[in-house]
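Visitor: Submitted below is the structure of interest, expressed as structure tokens.
The values are calculated or read from the model by the stated rules, or taken from the named source; none is laboratory data. All values reported here derive from a predicted model rather than from experimental measurement. All Cβ positions, even for glycine, are placed from backbone atoms using ideal geometry, and neighbour counts span all protein chains on display. Just so you know, the surface numbers come from the protein's heavy atoms only, side chains and all, with ligands and any DNA or RNA stripped out. Shrake-Rupley method; radii C 1.70, N 1.55, O 1.52, S 1.80 Å.
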Amino acid sequence: IVNCEGSFEADDRAFHSICNLIELTTLKINIDELSQSAFTGHFSKLKELKVLELESIEHNNASVVAILDEFSRVELPNLELLQIFLNDVGVPLDQIERMGENFKKLRSFKIRCDHPLSLNAYLMHMKSLSNLEIDYHYSKEFSKLLDNIDVKSNLNKLCLLGFSFGSDDVNLNEMTLLKLTEVAPNLETLVMDTAFPFNTNFIFKIMHKLGKLRILKNWTMTQYGDNYIKFDLQSILDLQGISGILNQFSIQLKLKAIDMDVSRVKEELSKEFEFEMSRVGNFTIIRLDKK
């Protein structure tokens, strides 16, 4: 009932009734009108939960903050998939630490909240994760994603969103992604709306470091600065080669110049990709999505 906002407004009994379904394995709810006392008194009955989704779409809700703190203290020994979607509410480090202690089987964590933590904060305390999806909501620069590269994870899927309008140096983004390959060397899926300098060899380098990688989606490469790498026939061959190795691949190219006939660019890339081209300011934008 996650889309039923206000389900618990002035009606604690509705939440009591849900918590009395002690065999529940999946629960998806909106917690905006839920009272802290109702949550504290009854949620801990749901020991069999394997999938849980908590959502709040209201702003600056003190009750939601209190519920999340109480939630982090509940032991859910069977919980495997957790999704937390919030507006203007954060989930601080101490709560993440407690979740890591109390949700020992958690293997998939998706979070969208105000000012989410650095990536390693989740990996250090949720050690069984195989899937981590974070929406930074334009509140962190990609180059500041990692505070500690000593942490190691067994992630096979990582989705990092919220960087597409970042103003940080795209060259620093390259260094951060290389560090990320050390933190999560077993990735099979990597999705991120992040910008890097245009360099197809860098994609091959990342694929070499992430030997199990099969899905790479949503990033941007731009011809950055004055000494940028040319987009030419070799670039097309490289992109076709990358597409041939990966099961799924999508990328956006922001090009100052194309050193070949544009009609041939479309003809060649359309063989492997869904192809879109547009013009924005001084840039030609090419969007590619493997067919």
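Visitor: Determine the shape class of segment 184-251: with a ≥ b ≥ c the square roots of the Cα gyration tensor eigenvalues, call it rounded for a/c under 1.5, and otherwise prolate if a/b is greater than b/c, oblate otherwise.
Guide: It is prolate, given that a/c is not under 1.5 and a/b is the larger ratio.
Visitor: Determine the shape class of segment 8-152: with a ≥ b ≥ c the square roots of the Cα gyration tensor eigenvalues, call it rounded for a/c under 1.5, and otherwise prolate if a/b is greater than b/c, oblate otherwise.
Guide: Oblate shape, in that a/c is at least 1.5 and b/c is the bigger or equal ratio.
Visitor: Considering segment 133-254, what Rg and Dmax in Å follow from its alpha-carbon atoms?
Guide: For segment 133-254, the Cα radius of gyration and maximum Cα-Cα distance read 13.9, 40 Å.
Visitor: Could you tell me the relative contact order of segment 141-288? Use alpha-carbon pairs under 8 Å, at least six residues apart, and round to a whole percent.
Guide: On the way: 252 pairs, mean separation 27.6, N = 148.
Once normalised by length, the contact order is 19 percent.
Visitor: Keeping all protein chains in place, calculate the accessible area per residue for the chain (probe 1.4 angstrom), answer in Å².
Guide: Using a 1.4 Å probe on heavy atoms only, each residue of the chain averages 47 Å².
Visitor: Right, something else. If you take the square roots of the eigenvalues of the alpha-carbon gyration tensor of segment 99-152 and sort them as a ≥ b ≥ c, do you get rounded (a/c under 1.5), prolate (a/b over b/c) or oblate?
Guide: Oblate.
Visitor: Over segment 33-133, what is the mean sequence separation of C-alpha contacts under 8 Å (at least six apart), divided by residue count, expressed as relative contact order in percent?
Guide: Relative contact order for segment 33-133 comes out at 26 percent.
Visitor: Something else about it: In terms of modelled amide H atoms, which long-range or inter-chain residues lie less than 5 Å from the amide H of residue 222?
Guide: 196, 198, 254
Visitor: Separate question: Enumerate the calculated ³J(HN,Hα) couplings along segment 190-195 in order (Karplus 6.51 cos²θ - 1.76 cosθ + 1.60, θ = phi - 60°), each rounded to whole Hz, writing x wherever the residue is Gly or Pro.
Guide: Result, rounded to whole Hz: 9, 10, 7, 9, 10, 9.
Visitor: Here is a follow-up. On C-alpha positions alone, give me the angle between the axis of helix 170-183 and the longest principal axis of the chain, in degrees, nearest 10.
Guide: 60 degrees
Visitor: To the nearest µm²/s, what D does Stokes-Einstein give for the chain at 25 °C and 0.890 mPa s, using the Kirkwood radius over alpha carbon pairs as Rh?
Guide: 117 µm²/s
Visitor: Summarise the long-distance tail of P(r) for segment 208-291 by giving the % of C-alpha pairs beyond 14 Å.
Guide: Percent of Cα pairs beyond 14 Å in segment 208-291: 64.
Visitor: What is the angle, in °, between the Cα long axis of helix 93-102 and the longest principal axis of the Cα atoms in the chain? Nearest 10 is fine, range 0 to 90.
Guide: The angle comes out near 70 degrees.
Visitor: For segment 117-123, what does the Karplus curve 6.51 cos²θ - 1.76 cosθ + 1.60, with θ = phi - 60°, yield as ³J(HN,Hα) per residue in whole Hz, taken in order and with x for Gly and Pro?
Guide: Per residue, the Karplus-derived 3J(HN,Hα) values read 7, 5, 4, 5, 4, 6, 5 Hz.
Visitor: Would you mind telling me the share, in percent, of accessible area of the chain contributed by carbon and sulfur at probe 1.4 angstrom?
Guide: 47 percent
Visitor: Moving on to the next point. Given contacts defined as C-alpha pairs under 8 Å and at least six residues apart, what's the relative contact order of the chain, whole-number percent?
Guide: Averaging sequence separation for qualifying contacts and normalising by length gives 9 percent for the chain.
Visitor: Would you mind checking the tilt of helix 62-71 against the longest principal axis of the Cα atoms of the chain, expressed as 0 to 90 degrees and rounded to 10?
Guide: 90 degrees
Visitor: Rounded to the nearest 10 Å², what accessible area does residue 26 show when all protein chains are kept and the probe is 1.4 Å?
Guide: 70 Å²
Visitor: So, one more: Rounded to the nearest 5, what is the percent of antiparallel bridges among the DSSP beta bridges in the chain?
Guide: 25 percent
Visitor: Roughly what would the spin-label model give for residue 97 and residue 110, points 7 Å off Cα along C-beta, in nm?
Guide: Placing both labels 7 Å along Cα→Cβ, they lie 2.9 nm apart.
Visitor: I would also like to ask the following. Using a Förster distance of 35 angstrom, determine the FRET efficiency expected from the C-beta separation of residue 215 and residue 48, and round it to 0.05.
Guide: Using R0 = 35 Å, I get an efficiency of 0.65.
Visitor: Compute the signed sum of charges (Lys and Arg +1, Asp and Glu -1) over the other residues within less than 10 Å, Cβ to Cβ, of residue 72.
Guide: Net of charged neighbours comes to -3.
Visitor: Separate question: Pop a pseudo-label 7 angstrom from the Cα along the beta-carbon direction at both residue 285 and residue 245 and give the gap in nm to one decimal.
Guide: 2.8 nm
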